[in-house]
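The values are calculated or read from the model by the stated rules, or taken from the named source; none is laboratory data. Since the model is a prediction, treat every value here as computed from it, not as a measurement. Heads up, the Cβs are rebuilt from the backbone with ideal geometry, glycines too, and the neighbour counts pull from every protein chain shown.
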């Protein structure tokens, strides 16, 4: 059976990778196959799927683990590559999209061998932290042989062009989210509810966000914070809440499915995100989907001038932006919004309108299909 379109992902089913799920479900829903290293199972797919860590040999599974963590490729005669070759031929794939430039690079020669048009899709660390390493700066030049590269903000496009990749092949496509046809209404209550969503990793700086909320709540006590996300810094966040005696004001929800996040957004009054460049690795955000979802839900956003965030959040119009690490200024902006329901409403409505015009799921899909040359 012909499925035309293949998507390569290092791992399917991740809570935090709703953008990959949407590519699988939205682009060509009846003509897509998936090749994934592993599947965490937090969400499923209906398309034909080849999961490489389910290949029968334990030796091959160990080889896969090494390849996925160290981003090594396989030789053309290795069994995982042979399995992928058979899978792509069986489904008569014509076009392939590789999620994350580093992991996807290993599939570029195979696509060339099979006459498949191949596109790499950058997301965050692959066009930030990886570019500190000479091997990736050199290896990414091989994408000149690809049919195109998609990235998620203007900063990363500039970096890829500085490497020497052809400008005509590097495209910016912002993520898309579901945008309601009318701006959601947020009732004014005595307690102002703040919401943060994101994996608790260094580049999302959960402790800095919690500290900004702590400072704000000292000035404006009638506030609550719901924080959704797990990750390696969750225990540090929990310790911060306990040490600062903020248990009555802050709820750490851990990981939650997108439906639960949407419910929290409907109940919230503003959205907070304190993204930074990881000082140890250089890892950065691309364009945080949670920020776009907050805008779509008519929430004013208080965030940092980081990576693609200023391409979404307009300072003073749809929210406020502060410098990375400046928790005092972030607290000031939180307090300003907490005190002014009309400002929250006006900024939220402006964010909803901007999301509809620039960051809708439909807009992302149309742009990607055009770049990929996939049309019915």
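Looking at 72, 161, just one residue is modelled with pLDDT of 95 or more and in the same structural domain as residue 17 (by TED's automatic domain parsing), and that residue is 161. Figure legend. Inter-residue proximity from region 199-221: first residues more than 24 Å from residue 286 (Cβ to Cβ), second residues surrounded by fewer than 17 Cβ atoms within 10 Å (Cβ to Cβ), beta-carbon distance below 6 Å, spacing 6+ or different chains. Indicated pairs: 214/244.
Looking only at helices (runs of 4 or more DSSP H) that fall completely inside region 92-168, which ones have 3 or more residues that are on the phi > 0 side of the Ramachandran plot and loosely packed, with under 14 Cβ neighbours inside 10 Å?
Output list is empty.
Is it fair to say residue 333 is out of contact with any helix residue (DSSP H, G or I) (no Cβ under 8 Å at 6 or more places or on another chain), crowded, with 16+ Cβ neighbours inside 10 Å and closer than 25 Å to residue 203 by Cα? It is true that residue 333 is out of contact with any helix residue (DSSP H, G or I) (no Cβ under 8 Å at 6 or more places or on another chain), crowded, with 16+ Cβ neighbours inside 10 Å and closer than 25 Å to residue 203 by Cα. Is at least one residue of region 242-261 in contact with a helix residue (DSSP H, G or I) (Cβ under 7 Å, 6 or more places away or on another chain) and under 21 Å from residue 308 (Cβ atoms)? Yes, region 242-261 contains a residue that is in contact with a helix residue (DSSP H, G or I) (Cβ under 7 Å, 6 or more places away or on another chain) and under 21 Å from residue 308 (Cβ atoms).
Please find, within region 172-209, the residue that is surrounded by the most Cβ atoms within 10 Å (Cβ to Cβ) out of those that are part of a strand (DSSP E or B) and over 17 Å from the mean Cα position of the chain (by Cα).
Taking region 172-209 as the starting set, the residues that turn out to be part of a strand (DSSP E or B) are 172, 177, 192-197.
Remaining after also requiring over 17 Å from the mean Cα position of the chain (by Cα): 192-195.
Working: 192: 23, 193: 17, 194: 26, 195: 24.
Here the residue is 194.
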